[in-house]
Amino acid sequence: QVQLVESGGGLVQAGGSLRLSCAASRSILSIKSMGWYRQAPGKQRELVAGITGGGSTNYADSVKGRFTISRDIAKNTVYLQMNSLKPEDTAVYYCNAKGGQLSQYDYWGQGTQVTVSS
């Protein structure tokens with residue numbers, strides 16, 4: 001099991017930057033994979049960026065070149081650096097972790113609001 005706590009959301013103008021943090025309750029090296037998802041009002045939750053235990057990353061096409069997922073193993077924390085923010089990035093952002101030997105467990109943080117103004 002793993003507990004996740006997100007922070008770093010807030011209000012920002014278009015073109016600005018934010019860094020989201022996701023603190024995990026155990027070593028992130030023991031977690032199969034972690035990722036950031038987002039959900040805008042009336043929309044489906046979508047994967048924004050993911051990182052595996054081995055450090056491989058993937059991104060949604062809409063954020064490639066603007067967002068970067070990274071990790072600080074010593075702090076048990078995964079980050080999402082968001083640059084060149086657009087109004088369409090406005091959403092609740094959720095940290096996710098997949099655990100268990102077969103990745104059969106799916107853990108979620110409480111979410112953090114990101115609002116990008118025009």
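Read the figures in this text as sums done on the coordinates, not as results from a lab. Note that this is a predicted model, so its numbers are computed, not measured. Don't worry about glycine lacking a Cβ; one is built from the backbone with ideal geometry, like all the others, and counts go over all protein chains shown.
Per-structure values
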| read-out | value |
| --- | --- |
| Förster radius 30 Å - calculated FRET efficiency between GLN3 and LEU47, Cβ distance, rounded to 0.05 | 0.90 |
| Histogram of C-alpha separations across the stretch 5-68, 5 Å bin width, % | 4, 14, 21, 27, 21, 9, 4, 0 |
| Of GLN39, GLN101, GLN81, the one that fluctuates the most in a GNM where the chain has Cα springs shorter than 10 Å | GLN101 |
| Euclidean distance between Cα centres, the stretch 8-67 to the stretch 70-108, Å | 4 |
| Isotropic mean projected area of the C-alpha convex hull, the stretch 42-109 (nm²) | 5.7 |
| Length-normalised contact order for the chain - Cα pairs under 8 Å, 6+ apart - percent | 37 |
| DSSP bridge pairs, the chain: antiparallel proportion in percent, nearest 5 | 90 |
| Dipole magnitude of the stretch 33-118, debye to nearest 20 (Cβ charges: Lys/Arg +1, Asp/Glu -1, about Cα centre) | 60 |
| Spatial extent of the chain: Rg and Dmax, with the Cα atoms as the point set, Å | 13.5, 44 |
| Within a Gaussian network of the chain (alpha carbon springs, distance under 10 Å), most fluctuating of GLY65, GLY100, GLY42 | GLY42 |
| Rounded FRET efficiency, nearest 0.05, which uses the C-beta distance separating ALA60 from SER117 and R0 of 22 Å | 0.50 |
| Cα centre as origin, Lys/Arg/Asp/Glu Cβ charges: the stretch 50-94 dipole, Debye | 120 |
